[in-house]
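Let me begin by presenting the structure, written as structure tokens, before commenting on it.
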Amino acid sequence: MGLRQRDLEDLVYDVFEIDSYKSKMGDDADIVTLSFSVKEEAAAKDLENFLEKGYEFVLDADCTEGEQSDGTYKVFIEMERSRKAHDNIAEILDGVQKISGLDKIKYRYHKNFRSQEATLENLTNDVPLDSETYGIAIQQESLNNYKDFFNRSYLEETSMVGDYLYMKKAWADPLLFKVVDFGSTENTINSIQESFNANDFAEIIFLSKYIGDYNITKYGHKLTFENDGNTLVLERIIV
């Protein structure tokens, strides 16, 4: 029996990723990959079946075996990178919204810190339709990639679910942050309204030991991390 409207309500996260994972079906330049985060294993299996059987243009759908370190289950989709890709993604999202009850759904392109609403206009601007433009897009996106930003850290793992960044260092408890902003250091620092916070120096020392040699500053409750001319603004979530 197929899924009906809202059968997966409150089980699918409202941010998915595009071109963040390698294709199993072919070259990444020729295949568009989508990945959804789901809260329960059974729901992930249901979503996998829904996507694989419901759309002829889906080349493959698969879900991870077991819970991931960030507490989610991932469902992956692969489709041809063609002139129809934007419309195909929009068609999939229409179905996902109906079975999940999500009013809005956002996407993150190639592990970008920023997520944005999954409108056809935004998808058209961001998702390349051929191998040449794909190569250019991936090169540009490397500056915004949350994996690359922490390339000289002590972290064992970084991942994002929604607009939350998960960090894990070996032999230490994981840390969770909400992403507030990301961009060039000058523009990002200038946009912060809070005053410099000199009272939480102990937290700066802790984070420096946990993450590594990054220039970390605190403004109010906001933490800034600088790397190669870019600054990431986070708020720590205590769980």
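None of the figures in this text is laboratory data; all of them are computed from the coordinates on show. Here the structure is a predicted model, which is why all the values come from computation and not from measurement. Here Cβ is always computed from backbone atoms with ideal geometry, including for glycine, and neighbour counts include all displayed protein chains.
This model, with +1 at the C-beta of Lys and Arg and -1 at the C-beta of Asp and Glu, gives the chain a dipole about its Cα centre of some 540 debye. Between 0 and 90 degrees, the angle of helix 131-141 with respect to the longest Cα principal axis of the chain falls at about 30 degrees. Put simply, the amide H of D60, placed in the peptide plane, has neighbours under 5 Å in E78, leaving out anything fewer than 5 places away on its chain. In terms of its C-alpha gyration tensor, the stretch 15-142 has a rounded overall shape, because the principal axis ratio a/c (a ≥ b ≥ c, square roots of the eigenvalues) stays below 1.5. Rounded to the nearest 10 degrees, the inclination of helix 85-100 to the longest alpha-carbon principal axis of the chain is 90 degrees.
From helices alone, the chain scores -8500 deg cm²/dmol at 222 nm; the rule is -39500 (n - 2.57) for each run of n ≥ 4 DSSP H residues, then divide by the residue total.
Cross-link check: pairs K147/K178; K147/K218; K22/K168; K168/K209 evaluated at a Cα-Cα cut-off of 19 Å; pairs beyond the cut-off: K147/K218; K22/K168.
Just check the stretch 97-155 against the gyration tensor rule for me: Cα atoms, a ≥ b ≥ c as the square roots of the eigenvalues, rounded for a/c under 1.5, and otherwise prolate or oblate depending on whether a/b exceeds b/c. Oblate shape, in that a/c is at least 1.5 and b/c is the bigger or equal ratio.
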